[in-house]
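Scroll down for the structure; my scribbles are underneath it.
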Amino acid sequence: MSVLYGRILLKLSGEALAGDRGYGFDPAILDAIARAVMEAARTGVQIGIVIGGGNIFRGQDSAVASDRVSADQMGMLATLINALALRDTLKRQGAECIVLGSFAVPTVVDSFSAEKAREHLEQGRVVIFGGGTGCPYFTTDTAAALRALEIGADALVKATKVNGIYDKDPVLHPDAVFYPEIDYDQVLAMRLKVMDLTATSLCRDNGLVVRIINIKTPGNLERMLAGENIGSVVTARRDRV
């Protein structure tokens, strides 16, 4: 089976792992995401993954942390917990998988390096990047963009609960306009909430393609990789056809 991309970075939200619970983990959701990753991996595509931590800790909503730095550090630890949960789910389904952390936790995960990550990918392992960027003031969207560029991914695939990019939330607004293809300048000019500004600018400036798909629809990831028009695609203007 031919695939559209040889190597991708899959961005998952932490909230997606909680399902309808709103907090923690829904084992059925973890299993479904793992199956989607396994189906995609069987096509031969190399897969890196970045996960948010919102199902465990959201710094901006917390009265626990004393300041932004502390809140972001807690959030980064939450992403590491999510990475371990997905790793173990993937392993139970037969995948070769490893977690690389952005900060040192030597008794839990190996530390990240781009070279190490590429070696694991080339050997057929799914690589999950835990800990965000390792620095406060950066979101996991930015971490996903950064890791995608560092590993030489052909595309960043952002998995969401909607079918792609809209001008407003389609869950709340039935008249929301869907954009199957759009460029970064339009995303920025229209202030579409595809990713945060730092991540969007990083992808635009380096010509990285971003795909937005609904991860809740079974088979979407595999079908998109096979070349079907699933979700939305964001490209630099010069790359549009």
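Just one of the listed residues (Val105, Val37) is at pLDDT 95 or above and not aromatic (Phe, Trp, Tyr), namely Val37. Looking across the stretch 123-148, the residues that are touching a Lys or Arg at 6+ places or on another chain (Cβ under 9 Å) and surrounded by fewer than 21 Cβ atoms within 10 Å (Cβ to Cβ) come down to Pro136, Tyr137. Scanning the stretch 140-163 for residues that are in a loop (DSSP other than H, G, I, E, B) and modelled with pLDDT of 95 or more gives Ile151, Gly152, Ala153, Asp154. Among residues of the stretch 168-193 that are among the basic types (Lys, Arg), those with a beta-carbon under 7 Å from a residue that is modelled with pLDDT of 90 or more at least six positions away or on a different chain give the pairs Lys168/Ala176. For the stretch 167-182, does any single residue satisfy the condition of being out of contact with any strand residue (DSSP E or B) (no Cβ under 7 Å at 6 or more places or on another chain), assigned to a helix (DSSP H, G or I) and of a type in the set (Lys, Arg)? No, because not a single residue in the stretch 167-182 is out of contact with any strand residue (DSSP E or B) (no Cβ under 7 Å at 6 or more places or on another chain), assigned to a helix (DSSP H, G or I) and of a type in the set (Lys, Arg).
Take the conditions under 14 Å from the mean Cα position of the chain (by Cα) and surrounded by fewer than 24 Cβ atoms within 10 Å (Cβ to Cβ) and apply them to Ala36. Does it pass? Against the criterion (under 14 Å from the mean Cα position of the chain (by Cα) and surrounded by fewer than 24 Cβ atoms within 10 Å (Cβ to Cβ)), Ala36 qualifies. Exactly one residue out of Ala189, Ala199 is loosely packed, with under 15 Cβ neighbours inside 10 Å, over 22 Å from Thr43 (Cα atoms) and either of a type in the set (A, V, I, L, M) or modelled with pLDDT of 95 or more (or both): that is Ala189.
Here's a check for you: in the stretch 156-172, which residue that is of a type outside the set (Val, Ile, Thr) and out of contact with any helix residue (DSSP H, G or I) (no Cβ under 8 Å at 6 or more places or on another chain) is farthest from Val187 (Cα to Cα)? Break it down stepwise before answering.
Step one: list which residues in the stretch 156-172 are of a type outside the set (Val, Ile, Thr), which gives 156, 158-159, 161, 163-164, 166-170, 172.
From the residues that got through so far, the ones that are out of contact with any helix residue (DSSP H, G or I) (no Cβ under 8 Å at 6 or more places or on another chain) too are 163-164, 166-170, 172.
Details: Asn163: 17, Gly164: 13, Tyr166: 10, Asp167: 9, Lys168: 12, Asp169: 15, Pro170: 17, Leu172: 20 Å.
For the stretch 156-172, the residue satisfying everything is Leu172.
The C-beta contact set for the stretch 217-234 (first residue closer than 11 Å to Pro180 by Cβ, second residue in a loop (DSSP other than H, G, I, E, B), distance under 6 angstrom, 6+ apart or interchain) comprises Gly231/Gly164; Ser232/Gly164; Ser232/Pro180.
The requirement of being over 16 Å from the mean Cα position of the chain (by Cα) and free of Cβ contacts under 8 Å to residues at least 24 places away in the same chain is fulfilled somewhere in the stretch 11-20, by at least one residue. I'd like to check something: does the stretch 54-65 contain any residue that is under 14 Å from the mean Cα position of the chain (by Cα) and either crowded, with 21+ Cβ neighbours inside 10 Å or not in a strand (DSSP E or B) (or both)? Yes, the stretch 54-65 contains at least one residue that is under 14 Å from the mean Cα position of the chain (by Cα) and either crowded, with 21+ Cβ neighbours inside 10 Å or not in a strand (DSSP E or B) (or both). Picking from residues in the stretch 188-204 that are of a type in the set (Val, Ile, Thr) and assigned to a helix (DSSP H, G or I), the one that is nearest to the chain's Cα centre (by Cα) is Thr200.
Pairs please, first residue from the stretch 78-103 and more than 18 Å from Gly44 (Cα to Cα), second anywhere and buried (at least 19 other Cβ atoms within 10 Å of the Cβ) and of a type in the set (Lys, Arg), Cβ atoms under 8 Å, 6+ apart in sequence or on different chains. Close Cβ pairs (under 8 Å, with a partner that is buried (at least 19 other Cβ atoms within 10 Å of the Cβ) and of a type in the set (Lys, Arg)) amount to Val99/Arg87. Within the option set Arg87, Arg21, Arg92, being over 21 Å from Met195 (Cβ atoms) and crowded, with 16+ Cβ neighbours inside 10 Å holds for one residue only, Arg87.
Of all the residues in the stretch 5-24, those that are out of contact with any Asp or Glu (no Cβ under 8 Å at 6 or more places or on another chain) and either under 21 Å from Arg223 (Cβ atoms) or at pLDDT 95 or above (or both) number 5.
The values are calculated or read from the model by the stated rules, or taken from the named source; none is laboratory data. Everything numeric here is computed off the predicted structure, so don't read it as measured data. Every residue, glycine among them, receives a Cβ derived from its backbone with ideal geometry; neighbour counts consider all protein chains shown.
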